[in-house]
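Right, one structure below, let's go through it.
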Amino acid sequence: MAISSNLGYRYYVCFVDDCPLYTWMYPIKQKYEVHNIFCAFQKKVENLFDQCIKIFQSDGGREFDNEPLKLHFKNCDILFRKSCPHTPTQNGVAERKHRHIIEMARTFLIQAQLPGQFWVNATYGATYVINRLPTPLLDHSTRTTPFECLFQKKPDYSFLKVFRCECFPTLLTHLKHLNISQNGVFLLAMLLITKGISVLTTLRVKFM
């Protein structure tokens, strides 16, 4: 990204399951972090779905095409494939997914009138929504979603809110009293690892 996020992130990496087209997005500060991010991601999905990653495909970027990561692929019996130089069509699924995420995230920021430094929140929100949008790429007759295809259940849309809509969180103080925030608080994105939301106050980003 041309702009560092409010938390210091400069890049992001996304992993797309080629069958259900479900996407996981991770913001990173330096490209060398991809190795550790992938190892953690691999452990997570293999434990969650009781399935092993068999093939990993990417472009020829050095964040993927490097000796430590290729050694990891070899040790885990993962076939590593990369596209030829200047042929993004060979990695078309990931390239189209990247474009979809960026275009939706940019729309979120423009609609919310937020500066580019909040691109991480916007891309989190975009990825979350895209995973729950029907797509004809999976089933032309039912237009199922990546979420449904992967988890075998329909996504819940009831709690979705507009990006940067005003909200009034109830905070539990150390005195165990309910404190209703009276300041301007705006929802930025759903959190993927907790049942909560990321909100923006007039001072800084907080996680509820």
#### Entry: Nitroxide proxy distance, nm - points 7 Å out along Cα→Cβ at Glu95 and Asp50
3.8
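In cubic angstrom, how much convex hull volume per residue do the alpha carbon atoms of region 6-89 span? Please list the in-between numbers first.
On the way: hull volume 9.8 nm³, N = 84.
Hull volume over Cα atoms, normalised by residue count, gives 117 Å³.
Using per-residue counts of other Cβ atoms within 10 Å, averaged over each peptide, order 156-164, 100-108, 14-22 from highest down. All intermediate terms of the calculation are to be shown ahead of the outcome.
On the way: 156-164: 12.6, 100-108: 17.9, 14-22: 16.3.
Result, highest mean first: 100-108, 14-22, 156-164.
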### Query
Out of the DSSP beta bridges found with both residues in region 11-155, what percent are antiparallel (nearest 5)?
60
#### Entry: 5 angstrom amide H check on Phe80, placed H, neighbours 5+ away
Phe56
### Task
For region 56-134, state the semi-axes of the equivalent ellipsoid (square roots of 5 times the eigenvalues of the alpha-carbon gyration tensor), sorted largest first and rounded to whole angstrom.
30, 14, 13
### Segments 26-36, 120-130 sorted - mean Cβ within 10 Å per residue, highest first
120-130, 26-36
### Query
When the label point is put 7 Å from the Cα of Leu79 along its Cα-to-beta-carbon vector, which residues of region 1-38 have a backbone N closer than 15 Å?
18-19
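How high is the FRET efficiency from Ile28 to Cys167, r the C-beta distance, R0 35 Å, rounded to 0.05? Intermediate results must be reported in sequence, preceding the final value.
Details: r = 29 Å, r/R0 = 0.82.
Efficiency for this residue pair is about 0.75.
Suppose the chain between Ala2 and Phe159 were pulled fully straight at 0.36 nm per residue; how much longer would it get relative to their current alpha carbon spacing? It would help to have the intermediate numbers written out before the result.
Working: separation 157, 0.36 × 157 = 56.52 nm, distance 3.22 nm.
Fully extending the segment from Ala2 to Phe159 adds 53.3 nm.
Using the Kirkwood formula over every pair of different C-alpha atoms, what hydrodynamic radius in Å results for region 1-152? Could the numbers behind the result be given before it?
Numbers: mean 1/r = 0.0602 Å⁻¹.
Kirkwood hydrodynamic radius for region 1-152: 16.6 Å.
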### In Hz, Karplus ³J(HN,Hα) per residue of region 155-164 (6.51, -1.76, 1.60; θ = phi - 60°; x = Gly, Pro)
x, 9, 9, 5, 9, 5, 10, 5, 4, 6
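Of the listed peptides 51-58, 80-87, what is their order by residue-averaged count of other C-beta atoms within 10 Å, with the highest listed first? Intermediate values should be presented prior to the final figure.
Working: 51-58: 13.8, 80-87: 12.1.
Highest to lowest by the protection proxy: 51-58, 80-87.
Laboratory data are not the source of any read-out in this text; all were calculated from the coordinates shown. On a predicted model such as this, the values are computed, not experimentally measured, just so you know. Neighbour counts are summed over all protein chains in view; Cβ atoms, including those assigned to glycine, are modelled from backbone coordinates with ideal geometry.
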